[in-house]
Amino acid sequence: MPDQSIPDPVMSFDDKARMIQNRRSIHGAIIGLQLDRYAPAEAWSSLPYHPVFVGDISNGVIHGGVVTAMLDESCGMAVQLALPGTTAIATLDLRIDYLRPATPGQVMRAHAHCYHLTRSIAFVRATAYQDAEDVPIATATAMFMVGANRTDMLRQTPKVTLDSAPELVAPDDPDGGPLAISPYPRFLGIRVDGDAQAMMPYDPKLVGNPILPALHGGVIGAFLETAAIVSVRREIGLATAPKPIGLTVNYLRSGRPLDTFAKVSIVKQGRRVVAFEAQAYQRDPAEPIASCYGHFKLRSGAAE
């Protein structure tokens, strides 16, 4: 089957796997994501618990964006392990279903499998779990473009580097805004104005592919989820944040090293579930870099 990867008859499969372990995305390396085990087209990864990953300090539940970032990168590892050589890949779309909250304080793990590969598209399934894979906290399906550009993340010299990894610290919100209870969005640098409009200033720690460079697909997904939670909560007048059930992110353009903004709209509101749409853009709202469609569950007694 023809492909667009760069052939290398000298490099063994184990050599490539070690390259993947050592040349992860910048954001993945910062948060501590590790490739623990591998096989052709399969990757097993882990992410140690850290308090900055929490989405709501009242219950300690991990932010869905952390799960999204982990699954997105784990899927990418599986794609690279399915290719006969190395090449640039890019996430086309990623669907996440949240099945149960992650237990605070425990390591999260993921198993990703690239189950079908064509000349230009890779299809992947993944599961995030803690104690056992058959008790998942989330599942994902994704499509990746093979040969997405002329870069090779495993071989070329990065344009974005960090002299030292930044601390996993979420700055305080002295104003008690909507993100005051949510450390992970604050770690990403997300800000929300008085009209519940979200923006994410560029920071090198948000980068996935350091060769282009481009923002991490999981970070973009986390930003869109956060923007939607804040916007829906304000528009409906909820006392507590809605609970993400599932979302699908379509990646339309590379997220460049620029500030990113979001616009959110409610598609349908029911008594228990809200459907929403969100778009992330940079210079021009008419040229989104990603769009997202998803559902939130309204918590009991959530209305103010």
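Structure values in brief
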{"item": "Within straight-line cross-link reach of K297, aspartates and glutamates at Cα separation under 17 Å, skipping those fewer than 8 residues along the same chain", "result": "D56, D97, E225, E235, E277"}
{"item": "Accessible area (Å², per residue) of region 81-223, counting only protein heavy atoms and a probe of 1.4 Å", "result": "44"}
{"item": "Interchain or long-range residues, amide H under 5 Å from L252's placed H", "result": "A290, S291"}
{"item": "CD proxy at 222 nm, helix term only [per DSSP H run n ≥ 4: -39500 (n - 2.57); per residue of the chain; nearest 500]", "result": "-6500 deg cm²/dmol"}
{"item": "Heavy-atom accessible surface of region 222-286: percent carbon and sulfur, 1.4 Å", "result": "47"}
{"item": "Of A214, A165, A122, the one that fluctuates the most in a GNM where the chain has Cα springs shorter than 10 Å", "result": "A165"}
{"item": "Residue order for L179, L258 - accessible surface, 1.4 angstrom probe, largest first", "result": "L258, L179"}
{"item": "GNM top mover of Y115, Y293, Y281 - the chain, alpha-carbon springs below 10 Å", "result": "Y115"}
{"item": "With DNA, RNA and ligands ignored, accessible area of D97 (1.4 Å probe; Å², nearest 10)", "result": "50"}
{"item": "When each of K159/K243; K243/K263; K205/K263 is checked by Cα-Cα distance, pairs over 30 Å", "result": "K159/K243"}
{"item": "Which of K159, K297 is most accessible, then next, and so on - probe 1.4 Å", "result": "K159, K297"}
{"item": "Among G221, G147, G64: highest mean-square fluctuation, GNM of the chain, C-alpha pairs under 10 Å", "result": "G147"}
{"item": "Surface accessible to a 1.4 Å probe, R234 within the full protein complex, Å²", "result": "140"}
{"item": "Sequence of D134, D163, D14 from largest to smallest accessible area, 1.4 Å probe", "result": "D163, D134, D14"}
{"item": "With every protein chain in place, region 1-159: carbon and sulfur % of accessible area (1.4 Å)", "result": "53"}
{"item": "Value of relative contact order over the chain, rounded to a whole percent, pairs C-alpha under 8 Å and six or more apart", "result": "18"}
{"item": "Region 83-160, relative contact order in percent, only Cα pairs under 8 angstrom and at least six apart counted", "result": "40"}
{"item": "Residue-level accessible surface for C292, protein heavy atoms, 1.4 Å, Å²", "result": "10"}
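The values are calculated or read from the model by the stated rules, or taken from the named source; none is laboratory data. Treat the numbers as computed from the prediction; the structure is a model and nothing was measured. All accessible areas refer to the heavy atoms of the entire protein, side chains included, with ligands and DNA or RNA removed. Shrake-Rupley method; radii C 1.70, N 1.55, O 1.52, S 1.80 Å.
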